[in-house]
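For reference, the structure discussed in these notes is given below.
The values are calculated or read from the model by the stated rules, or taken from the named source; none is laboratory data. These figures come from a predicted structure and were not determined experimentally. Quick reminder, even Gly has a Cβ in these numbers, built from the backbone with ideal geometry, and neighbours come from all protein chains shown. What goes into the accessible areas is simple: the full protein's heavy atoms, side chains included, and nothing from ligands, DNA or RNA. Shrake-Rupley method; radii C 1.70, N 1.55, O 1.52, S 1.80 Å.
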Amino acid sequence: MAFSADHWAFVFGVLGNIVSFIVFLSPLPTFYTIYKKKTAEGYQSIPYVVALFSSMLWIYYAFLKTNTTLLITINTFGVFIETIYVGFYLFYAPKKSRVQTIKMLSLFVVGGFGAIILVTQFLFKGAIRGQVVGWICLIFSLCVFVAPLGIVRKVIKTKSVEYMPLLLSVFLTLSAVMWFFYGLLLKDINIAAPNILGFIFGILQMILYVIYSKKEKAILKEQKLPEIQKAEVIVKDENMNTNKKFPELTQEQIIDIVRLGLMVCKDKVHVATCPHGTTCEAKGDENLPKLQTVEV
């Protein structure tokens, strides 16, 4: 039995839910780091406030349309998890960052979302209300997808992919593909259109990652210094007729070795030539010249 457009829309909607679920959970390592440090200093809350506002908008739009249950399910989870992220951030944020976050929540969630509901409910009716809310969702989603351009610019400028995780770029691209086909099969331009831009920027980020990660590895390889060969002394063993290599000894260590040999053998210990070409003999507590080869 051939699948109809509604069946395929359901398949892509489920896949979109799965991928988007992973994307929503991607900030967990960041918040684990915040928990370990007991401070959110150095981190920004705006991505989570914007994601919360976006999920609320799409839920409102989905309730004005038909056959958009899968859009409601994932964005309901989005509202839930983003609320937790924002609350967690507020708990660990410094006073200044906490105040800024509360201002953004007031602007987007309370003021912005509240104004959209009031205006669309009182000024528009029926299908037109859904179209207006859809346009608002479309414009806002385009702005969200354009946001990574700042990261792209930073990667090109620094020639480093440190601030652009590949795995997140892959999942965002997959998410854009799934929701594009979901919107296309439902013939909903407001869902499909923004994800075209999301797909393009996702591919761009992955291409930049491949290019600059290779360049970064090449630069690190060139900058790697060769290991310095340590100097060695050679001790000749006449009985074994072999040369043994040992790490370089300090002058004090050599003097101790010579003195120990005098105590045990009570014989002469022949050492390397002195600066004037004569043979030096180790004596009592006298200062010995620097030795080069010790013969046993």
Report summary line: The ratio Rg/Rh over the Cα atoms of the stretch 34-156, Rh being the Kirkwood inverse mean 1/r radius, stands at 1.03
Report summary line: With all protein chains in place and a 1.4 Å probe, residue 103 shows an accessible area in Å² (nearest 10) of 140
Query raised in the report: Is the shape of the stretch 1-67 rounded, prolate or oblate, going by the alpha carbon gyration tensor and its root eigenvalues a ≥ b ≥ c, with a/c under 1.5 for rounded and a/b larger than b/c for prolate?
Result: oblate
Query raised in the report: For the stretch 192-198, what does the Karplus curve 6.51 cos²θ - 1.76 cosθ + 1.60, with θ = phi - 60°, yield as ³J(HN,Hα) per residue in whole Hz, taken in order and with x for Gly and Pro?
Result: 6, 4, x, 6, 5, 5, x
Report summary line: Gyration tensor on Cα atoms of the stretch 87-194, a ≥ b ≥ c root eigenvalues, a/c under 1.5 rounded, else prolate if a/b beats b/c, else oblate, says oblate
**Report entry** Space enclosed by the convex hull of the alpha-carbon atoms of the stretch 37-98, per residue, Å³
**Finding:** 69
Query raised in the report: residue 206: accessible area at probe 1.4 Å, nearest 10 Å²?
Result: 50
Report task. Could you please put 141, 4 in sequence from largest to smallest accessible area, using a 1.4 Å probe? Result -> 4, 141
Requested in this report: Quick one: net charge around residue 187, please, counting Lys, Arg +1 and Asp, Glu -1 for every other residue with C-beta under 13 Å from its C-beta.
Outcome: -1
Query - Over 20 Å between alpha carbons, listed pairs 36/103; 37/95; 159/214; 37/96 - result: 36/103
Report summary line: Measuring from its Cα centre, the stretch 6-159 shows a charge dipole (+1 at each Lys and Arg Cβ, -1 at each Asp and Glu Cβ) which, in debye to the nearest 20, is 720
Query raised in the report: Could you give me the ³J(HN,Hα) list for the stretch 21-28, computed from phi with Karplus coefficients 6.51, -1.76, 1.60 and θ = phi - 60°, whole Hz, x at Gly and Pro?
Result: 4, 5, 4, 5, 8, 4, x, 4
Report task. Would you be so kind as to identify which of 90, 28, 140 lies farthest towards the positive end of the dipole of the stretch 1-147, taking Lys and Arg as +1 and Asp and Glu as -1 on Cβ and the Cα centre as origin? Result -> 90
